[in-house]
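Data block below; observations after.
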Amino acid sequence: MTTQAPVPTLKVGDRIYKQNLTWSRRDKIFLGDRCIGIINLKSDDRAGHTTSLVSQARLAGRQISWCVEQATLAERPRQNILNQ
């Protein structure tokens, strides 16, 4: 029996409206039950920015697959290289 990797899900946040009719929204990216990233959108920047909560890196646009890559790279064991 094999287990499948969790599929990323996106929890869409509510828009927050300001007096001058601009809005902002924060969407969360989940891998299983773990929040691995955030997408921030604004009325003047609908492409948004994606932030990885694992690597703390940030990219322009809605980059769900990149955020999943950041999370899976962090889980891989790192090798220590000793200088001899």
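The values are calculated or read from the model by the stated rules, or taken from the named source; none is laboratory data. Note that this is a predicted model, so its numbers are computed, not measured. Neighbour counts are summed over all protein chains in view; Cβ atoms, including those assigned to glycine, are modelled from backbone coordinates with ideal geometry. Each accessible area value is taken on the protein alone, full model and side chains, heavy atoms only, with ligands, DNA and RNA left out. Shrake-Rupley method; radii C 1.70, N 1.55, O 1.52, S 1.80 Å.
Observations on the structure shown:
- For segment 1-69, the per residue solvent-accessible surface stands at 73 Å², with DNA, RNA and ligands left out and a 1.4 Å probe.
- Hits among aspartates and glutamates - C-alpha to C-alpha of Lys11 under 20 Å, sequence gap 8 or more where chains match: Asp27, Asp33, Asp45, Glu69
- Applied to segment 47-52, the Karplus parametrisation 6.51 cos²θ - 1.76 cosθ + 1.60 on θ = phi - 60° returns per-residue 3J(HN,Hα) values of 6, x, 9, 10, 10, 7 Hz, with x for Gly and Pro.
- If the chain linking Thr9 and Ser24 were pulled fully straight, counting 0.36 nm for each residue of separation and taking away their Cα-Cα distance, it would gain 3.4 nm.
- Förster-model FRET efficiency, 35 Å R0, Thr72 and Ile16, C-beta, rounded to 0.05: 0.65
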